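Worksheet: one structure, shown below.
The values are calculated or read from the model by the stated rules, or taken from the named source; none is laboratory data. In this text the structure is predicted, and so the values were computed from the model without any measurement. In this analysis, Cβ positions are derived from the backbone assuming ideal geometry, glycine residues included, and neighbour counts consider all displayed protein chains. Accessible surface areas use protein heavy atoms only, side chains included; no ligands, DNA or RNA. Shrake-Rupley method; radii C 1.70, N 1.55, O 1.52, S 1.80 Å.
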Amino acid sequence: TAKAFIFDLDGVLTDTAEFHFIAWQATAHQLGLEFTREDNEGLKGVDRVGSLQLILDKGQLSVSEEKFEQLLVEKNQHYLELINDINPDNLFPGVLDCFAALKEQGIKIGLASASKNAAFVVDKLGIADLFDFIGDAASVANSKPAPDIFLSVAQGLGLSPEDCIGVEDAVAGVTAIKSAGMYAVGIGEKSVLTQADIVFPTTGEMDVQQLLS
Ligand code: BG6
Ligand code: MG
């Protein structure tokens, strides 16, 4: 059975995926581009630079390096404004119970977020101390869908990938988990997260006992 659960953050533990969507939509609109929720699916789990590149590619736009940098800074400022008031109430229902159940059974808990704001967000959510290891998106070579962040967290926990279960809401994230050689739990829709080994509609509905047996 598994020895660790490695969680994604945005869209798995809290609804910050919605704030990333709002901020990227504002960026796209500023560029005169449409940006739907469907467009956003492809951005979930993708890092900041990669996300902006996807938006520009879709709109067949190119901007100068300076403009690119400026758009990244503005998007992040907007995102930080949107998450300014988040607090422990913003945790998805069931997350604390899930963590407690894992701890009770000696299962380690890791965090594998692509976000450079991850440490700040888990701090605001009041859950920073519950993790045995928090991955650092800034220090891995390749971002999701590459396996790097999940592998770095497994290593940080002192475990091999086969002993870890990854939990993700993003297509790129599920691909990262599978490339890392881990069992993949998808949070969301089965028709979207086709590579996941099992999918639950929400984090709160994830059946920890079933996954551990
Ligand atoms: C991921 C989100 O967790 O982090 C993406 O799913 C986001 O939407 C990415 O772009 C990078 O986040 P940040 O905070 O470093 O811009
Ligand atoms: Mg996510």
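For the stretch 119-213, run through the trypsin sites (Lys or Arg not before Pro) and keep only the ones in DSSP coil with at most 15 other Cβ atoms within 10 Å of their Cβ.
LYS190
List the residues of the stretch 173-195 whose backbone N lies under 13 Å from a point placed 7 Å from the Cα of ALA138 along the Cα-to-Cβ direction.
Answer for this model: none.
My understanding is that a pair violates if its Cα-Cα distance is over 20 Å; which of LYS75/LYS178; LYS3/LYS178; LYS44/LYS116; LYS44/LYS108; LYS44/LYS190; LYS44/LYS75 do that in this structure?
Where the Cα-Cα span goes over 20 Å, the pairs concerned are LYS75/LYS178; LYS44/LYS108.
Taking a 1.4 Å probe, which of LEU56, LEU31 shows the most accessible area, and what order do the others take after it?
LEU31, LEU56
Using amide H atoms built in the peptide plane, which far-off residues or other-chain residues are under 5 Å from ILE6 H to H?
GLY110, ILE165, GLY166, VAL167
Between THR202 and ASP57, what length comes free when the chain is fully extended (0.36 nm per residue of separation minus the Cα-Cα distance, one decimal in nm)?
49.1 nm
How large is the helix-only mean residue ellipticity at 222 nm for the chain, computed as the sum of -39500 (n - 2.57) over DSSP H runs with n ≥ 4, divided by its residue count, in deg cm²/dmol to the nearest 500?
-12500 deg cm²/dmol
Just order 5-12, 127-134 by mean Cβ neighbour count inside 10 Å, highest at the front, would you? Don't skip to the end; give the middle numbers.
Numbers: 5-12: 26.6, 127-134: 16.8.
With the highest mean Cβ count within 10 Å placed first, the list reads 5-12, 127-134.
Given a 1.4 angstrom probe, what's the average accessible area per residue across the stretch 115-186, in square angstrom?
Using a 1.4 Å probe on heavy atoms only, each residue of the stretch 115-186 averages 39 Å².
When the convex hull of the C-alpha atoms of the chain is computed, what volume per residue in Å³ does it have? Each step should come with its number before you reach the end.
On the way: hull volume 23.4 nm³, N = 213.
In the chain, the Cα convex hull volume per residue is 110 Å³.
Work out the FRET efficiency for ALA146 and GLN195 from their Cβ-Cβ distance, taking R0 = 22 Å, and round it to the nearest 0.05. Each step should come with its number before you reach the end.
Values: r = 14 Å, r/R0 = 0.65.
That gives a FRET efficiency of 0.95.
Apply the Karplus parameterisation 6.51 cos²θ - 1.76 cosθ + 1.60, with θ equal to phi minus 60°, to every residue of the stretch 22-34 and state each ³J(HN,Hα) to the nearest whole Hz, in sequence, with x for glycine and proline.
Rounded to whole hertz, the list is 4, 5, 5, 5, 5, 4, 4, 4, 4, 8, x, 10, 6.
Could you tell me how far the Cα centroid of the stretch 92-159 sits from the Cα centroid of the stretch 160-204, in Å?
What the calculation gives is 14 Å, centre to centre.
For the pair PHE120/PHE68, report the inter-label distance in nm, with labels modelled 7 Å from Cα in the Cβ direction.
2.3
How far is helix 148-157 tilted off the main Cα axis of the chain, in degrees rounded to 10, range 0 to 90?
Result, in degrees: 30.
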